[in-house]
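Below is one structure, written out as structure tokens; the observations come after it.
Each reported figure results from applying straightforward, stated rules to the coordinates on display, with no laboratory input. Only a predicted model underlies this, so the values are computations on that prediction, with no experimental measurement involved. Note that we place each Cβ from the backbone using ideal geometry, even for glycine, and neighbour counts take in every protein chain shown.
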Amino acid sequence: MLITAKDLSKAYGSGENSIIALNKANLEITQADFISIMGPSGSGKSTLLHLISGLDTPTSGAVTFDGVNIYETGDRELAAFRRRKIGFIFQQFNLLPVLTAKENIIMPLLLDKRQPDEAYLKHITDLLGITHRLSHLPGELSGGQQQRVAIARALIAKPDIIFADEPTGNLDSKSGGEVMALLSSIWKELGKALVVITHDSRIAQMADRRFVIVDGALSEVQAG
Ligand code: ADP
Ligand code: ADP
């Protein structure tokens with residue numbers, strides 16, 4: 001199992017003002033999974049994503065990655081684990097505006113004092129159709145192209161899993177559809193687990209395992 005979340009809970013605040021953002025969530029993710037997690041705003045999607053990717057600590061419960069409890073490792077190990085094992089894609093792209101597309105893509109490696117594998121870089125930018133845009137600044141690219149640069153950045157460190165938080169939330173439906181089609185083909189070709197957080201049922205339906213979250217309660221939608 002790549003990732004296991006066991007009885008994962010998160011409460012914010014204390015006393016009367018305390019809210020349970022996530023209530024005993026259980027989730028198992030294998031290397032072969034394409035998972036969607038759908039829920040309305042405020043249902044706990046970001047909280048779940050932050051907990052299973054080691055960005056925040058749970059109130060109770062455990063998360064294991066390759067069998068290691070990520071909250072029992074030190075901060076440095078946890079940071080290294082995030083850089084090497086997980087690729088993140090955000091709604092707002094989060095590209096640095098003063099860096100070219102290529103510089104944005106390789107930044108995670110440079111921060112980890114590693115050099116890019118140029119052949120792999122070309123392979124993924126070809127897959128994403130952005131090889132001819134690598135010397136452009138983000139401001140010179142369309143939203144869909146910026147998100148494709150962000151996908152290349154998420155892939156550059158050869159992670160085991162990609163977490164995409166509302167990856168089409170800032171795109172029109174045509175570019176959003178293209179970005180989802182690319183994520184889906186990357187999942188097939190590169191064999192990386194893919195977890196997409198969305199409030200859009202059309203996007204959720206592209207996944208082969210679907211979960212819904214309502215008021216912090218996570219459940220899997222049975223196929224068929
Ligand atoms: P979603 O991503 O589905 O919109 P979130 O996980 O962001 O939902 O939030 C779930 C609930 O937890 C919401 O009620 C939200 O207001 C609350 N919440 C999230 N983060 C915090 C925080 N840092 N402090 C207090 N409440 C929070
Ligand atoms: P998303 O659009 O991904 O659901 P949100 O807008 O819900 O994200 O939350 C953005 C950030 O603000 C998150 O990191 C979340 O932890 C934090 N947050 C959300 N709700 C609250 C809240 N009520 N109080 C404090 N922080 C919050």
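Structure notes:
- Criterion violated by MET180 - all others in (1) away from ligand 2 (no atom under 16 Å from the Cβ); (2) closer than 29 Å to VAL221 by Cβ; (3) in contact with a Pro (Cβ under 8 Å, 6 or more places away or on another chain); (4) touching a residue at least 60 places away in the same chain (Cβ under 8 Å) satisfied: (4)
This table checks each residue for (1) more than 24 Å from SER46 (Cα to Cα); (2) not acidic (Asp, Glu).
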residue: ARG76; (1), (2): no, yes
residue: PHE81; (1), (2): no, yes
residue: GLY87; (1), (2): no, yes
residue: GLU103; (1), (2): yes, no
residue: LEU111; (1), (2): yes, yes
residue: GLN115; (1), (2): yes, yes
residue: ILE124; (1), (2): yes, yes
residue: ARG133; (1), (2): yes, yes
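- Yes/no for TYR12 being surrounded by fewer than 17 Cβ atoms within 10 Å (Cβ to Cβ), farther than 26 Å from ILE106 by Cα and within 12 Å of ligand 2 (Cβ to nearest atom): yes
- Whenever a residue of the range 39-52 is near ligand 1 (Cβ under 8 Å from one of its atoms), its partners that are part of a helix (DSSP H, G or I) and of a type outside the set (Asp, Glu), lying with C-beta atoms within less than 7 angstrom and at least six residues away or across chains, give the pairs GLY39/LYS45.
- The condition of being free of Cβ contacts under 8 Å to residues at least 24 places away in the same chain and within 30 Å of LYS24 (Cβ to Cβ) holds for only one of GLU220, GLU166, GLU140, GLU118, that being GLU220.
- In the range 56-93, the residues that are closer than 17 Å to THR4 by Cα and under 12 Å from the mean Cα position of the chain (by Cα): ARG82, LYS85, ILE86
- Candidates GLU140, GLU118, GLU72: the one that is under 21 Å from LEU171 (Cα atoms), surrounded by fewer than 17 Cβ atoms within 10 Å (Cβ to Cβ) and out of contact with any His (no Cβ under 9 Å at 6 or more places or on another chain) is GLU140.
- Breaking point among (1) free of Cβ contacts under 8 Å to residues at least 12 places away in the same chain; (2) within 12 Å of ligand 2 (Cβ to nearest atom), for GLU103: (2)
- Scan of the range 19-38 for residues that are near ligand 1 (Cβ under 9 Å from one of its atoms) and not β-branched (Val, Ile, Thr), ordered by number: ALA21, LEU22
- Identification of strands (runs of 3 or more DSSP E) wholly contained in the range 176-222 with 3 or more residues that are within 16 Å of ligand 1 (Cβ to nearest atom), within 19 Å of PRO159 (Cβ to Cβ) and not small (Gly, Ala, Ser) yields 193-198.
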